[in-house]
Amino acid sequence: MITAEKTKVPERTMTADSIEGSSEQAFTEALPAYPPVYEETAEKLKQLYLSGKWSFNGQYEQEFSRNFAQHHDAAYGIFMVNGTVTLEAALHALGIKAGDEVIVPALTWLATAMAVIYNGAVPVFVDIEPDTLCLDPKKVKEAITPETKAIIPVHLYGSMADMEKLLEIAKEYNLYVVEDCAHAHGGVWSGRGVGSLGHIGSFSFQQSKTLAGGEGGICLTNDPELREKLFRIKHIGYDLDTKQGQAQSGPEEGLICHNYRGMEFTALILNDAVKALKEQTEKRDISASLLRNLLKDIPGVKIQARGRLADLQGYYRLVLLFEPEILKSGITLNQIQEELAAEGLATSLTYGPVYKHMLWNIPLTKYRIHSNINTEDICTSRAVCISHELLLGNRALIIKIAEVIQKTLKNYYK
Ligand SMILES: *Cc1c(COP(=O)(O)O)cnc(C)c1O
């Protein structure tokens, strides 16, 4: 079995060179390289290359789709080329069309909202909870109109959207739920794997995610009809059982199908990597809990709250939330970042509200913004993120992170 421990990885130190103006000072603890690489996988990739069977629902695509779905308690997995088209395809499979409204969190990566735009529907940006940074169920309820057809909760950074409450609301108002799990691989909510809780779950395997294949994405579902639709959507209309070039049946009228097929090479990499996912998810969760504990008595800072019913939690980022009441006024996130970087701890900012992102160029007439006080406040002045890679470090590294945070914040108390 492949585990993170067995891998031979180059020594690497956590440096802050990615942050402008930082010193060269670095933590000395060695970190395993990310993404992890395995000799065994490299050998199989070579064999796959030599076989010439590189696409079209091949052996590795089928195996990985099955394994990944099983890992998250879902019946079916439909593998695609990235985690943006999986969201787009999910909404199309559910029949979302022009004029429909889809509720998305104001704080997420652009793809969540773009998937709505691609379907000609209207993204409605709704505020997050101040502690979990995930979609606020109360605000969701307020934002529902007769046009609302679906909700896309995002299990963001190091927490989980309140699926219990959101599913309840969805049931009451007859809405579809697409879970965006691009940050939450391996997470378990109230005894069930993420991605299996709503109608469709969507994951990304882009290079930086906690299960990485370079690119790649998957939809999970328990509904055989949705599985069939999703498969046709990503495979230009072919059904599950026919070979390329030998279609026996066509997609239903109006189901717009694309070529969103992923490659066998990616599926192979992921099929090996997923074997270590449980162990890595547990390790990240344990590290985050340790850090949460160590920071408990340090005033002025908290870690993003765990999902309310999370049994096992994914961490794409560990988010530090600063409390403005305790810190001196006028302290900027950039100042805190620079000082953490000077101690060797590299951090990043949140995505910011989607509709203020540099890459968001959608005219105002095509989306709606609900009141987003928490999102605006947290993104501009309260949150910095630590990469998930550090959470695979040893206990000493986690303790060192806590010390650096404590030392840095001391300068900022009133
Ligand atoms: C990364 C990401 C996606 C999209 O994934 P890609 O594979 O990069 O297209 C979707 N939603 C969220 C929240 C993400 O972080």
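What follows is calculated from the coordinates using simple rules that are stated; it is not laboratory data. Please read all numbers here as calculations on a predicted model, not as lab measurements. Neighbour counts are summed over all protein chains in view; Cβ atoms, including those assigned to glycine, are modelled from backbone coordinates with ideal geometry.
Checking every one of the trypsin sites (Lys or Arg not before Pro) in the stretch 24-131 against DSSP loop status and a limit of 16 other Cβ atoms within 10 Å picks out Lys53, Lys97. Where in the stretch 195-234 does the label zone of Gln244 land, with the point 7 angstrom along Cα→C-beta and an amide N cut-off under 20 Å? It comes to 215-218, 230-234, nothing else. Pick out, from Phe79, Ser190, Ala106, the residue whose Cα sits farthest towards the positive end of the charge dipole of the chain, with +1 on the Cβ of Lys and Arg and -1 on the Cβ of Asp and Glu. Of the candidates, Ser190 comes out farthest on the positive side.
When you filter the chymotrypsin sites (Phe, Trp or Tyr not before Pro) in the stretch 317-414 for DSSP loop state and at most 15 other Cβ atoms inside 10 Å of their Cβ, you are left with Trp360.
Only the Cβ atoms of Lys and Arg (+1) and of Asp and Glu (-1) were treated as charged; on that basis the dipole of the stretch 287-414 about its Cα centre amounts to roughly 240 debye. Within the chain, the longest run free of exposed loop sites, counting GluC sites (Glu not before Pro) that sit outside DSSP helix and strand states (H, G, I, E, B) and have at most 13 other Cβ atoms within 10 Å, spans 25-146. Evaluated with a Cβ-only charge set (Lys, Arg +1; Asp, Glu -1), the chain carries a dipole of roughly 200 debye about its Cα centre, given to the nearest 20. Annotation for the stretch 267-359: trypsin sites (Lys or Arg not before Pro) lying in DSSP loop with at most 13 further Cβ atoms inside 10 Å of their Cβ are Lys296, Lys328. The lysines within cross-link reach of Lys46, meaning a Cα-to-Cα straight distance under 18 Å and a gap of 8 or more places when in the same chain, come to none at all.
Measuring between alpha carbons in the structure, the pairs from Lys229/Lys278; Lys53/Lys234; Lys171/Lys278; Lys139/Lys171; Lys171/Lys356; Lys53/Lys243 lying more than 21 angstrom apart are Lys229/Lys278; Lys171/Lys278; Lys171/Lys356. Placing a pseudo-label 7 Å from each Cα along the Cα-to-Cβ vector at Glu282 and Gln62 gives an inter-label distance of 3.1 nm. The HN-Hα couplings worked out from phi for the stretch 247-252 by the Karplus form 6.51 cos²θ - 1.76 cosθ + 1.60 (θ = phi - 60°) are 4, 9, 8, x, x, 4 Hz, whole numbers, x standing for Gly and Pro.
Full extension from Glu168 to Lys410: what is 0.36 nm times the residue separation minus their Cα-Cα distance, to one decimal in nm? Computed gain between Glu168 and Lys410 is 82.8 nm. The HN-Hα couplings worked out from phi for the stretch 203-211 by the Karplus form 6.51 cos²θ - 1.76 cosθ + 1.60 (θ = phi - 60°) are 10, 10, 10, 4, 2, 8, 6, 7, 9 Hz, whole numbers, x standing for Gly and Pro.
To make sure I understand the rule: partners must be lysines, Cα under 18 Å from the Cα of Lys302, and not fewer than 8 residues away in the same chain. Which ones qualify? Cross-link targets: Lys328, Lys400, Lys407, Lys410, Lys414.
Once you sort the root eigenvalues of the Cα gyration tensor of the chain as a ≥ b ≥ c, which label holds: rounded (a/c under 1.5), prolate (a/b larger than b/c) or oblate (the other case)? Oblate.
Each label point was placed 7 Å from the Cα along the Cα-to-Cβ direction; for Thr145 and Asn394 their separation is 5.7 nm.
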